[in-house]
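Colleague: Once you've had a glance at the structure underneath, I'll fire off some questions.
The values are calculated or read from the model by the stated rules, or taken from the named source; none is laboratory data. Keep in mind that this is a model prediction, so the values were computed, not measured. Glycine gets a Cβ as well: all are built from the backbone with ideal geometry, and neighbour counts include every protein chain shown.
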Amino acid sequence: MTVKAPTKSQQTREHILETALRLFAEKGYAETTMRDIAGAADCSLGLAYRYFARKEEFILALYERLTDEFEEEVSRLPPAPLARRFASAMEVHLRRLGAHRETMGALFAAGLAPDSEVAVLGDSVAGIRSRIWSVFERVVTGASDAPKRGQAEQMTTLLYAAHLLFVLFWLQDRSANQAKTQELLGFAQEMLGRLRPVLGLPPVAKPLTKLVGIIGPMFGPVSEFGPVAARPAGNERTSSDASSDARS
């Protein structure tokens, strides 16, 4: 397949975007102005506004880029047990994020502020959040030990929430080469591997359903009309299904 060379307009937009992300890392997001960005990019303020009407659009563009890369990386993951696929997905995701660690750190406050236009759980990011949720859905359903549909949706919501906690931990990890993040990821893989065979047992399935019911409105799938109600896993499972899961 022939890859088209970027147009001059695309190159200009990318240059302004990269300049803005560098300045956010160096000066801080709140402290950087559109005039700062235009000056550092050696372009007029009007040209900067032509490509990015407001400062928040730089962050949304970064979110879109990272989501595109994450989707592509996960599509290449081979079939494997769920625990291994989740760990692999997080490894490639954090590796991609590594190139923007300083910028992500500078965006920390804005990304967590509920009223911010670039809040990771805000309305402006709902489309990106839905895409990333769907990536984790593919992680779950593509596993060699994938759970049945209702519970697969529940596990997707849990892993999506877990991935945000991992990113938060990684951003604050001051150990050499973020070694503690890798240690935590290894622990998570081990625990998920132990959990998967007993997911169908009532003592595990019922608390899981309750937990997803609590966090689902914030971390569950999103449609154009808002959060999608979690599907009760128990409605699609039989006692033989649970026994089969317990033995798998």
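Colleague: Please work out if residue 103 is β-branched (Val, Ile, Thr) and without any contact (Cβ under 8 Å) to a residue 24 or more places away in the chain. Break it down into steps so the answer makes sense when it comes.
Modeller: Numbers: β-branched (Val, Ile, Thr): yes; without any contact (Cβ under 8 Å) to a residue 24 or more places away in the chain: no.
For residue 103, the condition - β-branched (Val, Ile, Thr) and without any contact (Cβ under 8 Å) to a residue 24 or more places away in the chain - is not met.
Colleague: So, one more: Test residue 48 against the criterion of being among the small types (Gly, Ala, Ser) and in the same structural domain as residue 216 (by TED's automatic domain parsing), and give yes or no. Full working, then the answer.
Modeller: Numbers: among the small types (Gly, Ala, Ser): yes; in the same structural domain as residue 216 (by TED's automatic domain parsing): no.
No: the conditions fail for residue 48.
Colleague: While we're on this one: So residue 93 clears everything in (1) surrounded by 15 or more Cβ atoms within 10 Å (Cβ to Cβ); (2) in a loop (DSSP other than H, G, I, E, B); (3) in the same structural domain as residue 192 (by TED's automatic domain parsing) except one condition, right? Which one?
Modeller: (2)
Colleague: I would also like to ask the following. Can you confirm whether the range 33-49 contains a residue that is farther than 26 Å from residue 164 by Cα, without any contact (Cβ under 8 Å) to a residue 60 or more places away in the chain, among the β-branched types (Val, Ile, Thr) and assigned to a loop (DSSP other than H, G, I, E, B)?
Modeller: Within the range 33-49, one or more residues are farther than 26 Å from residue 164 by Cα, without any contact (Cβ under 8 Å) to a residue 60 or more places away in the chain, among the β-branched types (Val, Ile, Thr) and assigned to a loop (DSSP other than H, G, I, E, B).
Colleague: Hey, can you tell me all the residues within the range 98-119 that are closer than 13 Å to residue 168 by Cβ and either basic (Lys, Arg) or surrounded by 18 or more Cβ atoms within 10 Å (Cβ to Cβ) (or both)?
Modeller: 101, 104, 107, 111
Colleague: Among the residues of the range 106-137, what is the count of those that are at pLDDT 90 or above and aromatic (Phe, Trp, Tyr)?
Modeller: 2
Colleague: Now a separate question. Please find, within the range 138-156, the residue that is surrounded by the fewest Cβ atoms within 10 Å (Cβ to Cβ) out of those that are farther than 17 Å from residue 193 by Cα and modelled with pLDDT of 95 or more. It would help to see each step written out before you state the result.
Modeller: Quick first cut of the range 138-156, residues farther than 17 Å from residue 193 by Cα only: 138, 149-150, 153.
Still in the running and modelled with pLDDT of 95 or more: 138, 153.
Working: 138: 16, 153: 25.
Looking at the filtered set, the residue picked out is 138.
Colleague: While we're on this one: Tell me the residue from 110, 53, 61 that is over 19 Å from residue 134 (Cβ atoms) and not in a helix (DSSP H, G or I), please.
Modeller: The match here is 53.
Colleague: Which one of these is closer than 27 Å to residue 160 by Cβ, of a type in the set (A, V, I, L, M) and crowded, with 16+ Cβ neighbours inside 10 Å: 82, 23?
Modeller: 82
Colleague: For the range 161-170, does any single residue satisfy the condition of being within 17 Å of residue 95 (Cα to Cα), at pLDDT 95 or above and either not hydrophobic (A, V, I, L, M, F, W, C) or not assigned by TED's automatic domain parsing to the domain that holds residue 82 (or both)?
Modeller: Checking the range 161-170: at least one residue is within 17 Å of residue 95 (Cα to Cα), at pLDDT 95 or above and either not hydrophobic (A, V, I, L, M, F, W, C) or not assigned by TED's automatic domain parsing to the domain that holds residue 82 (or both).
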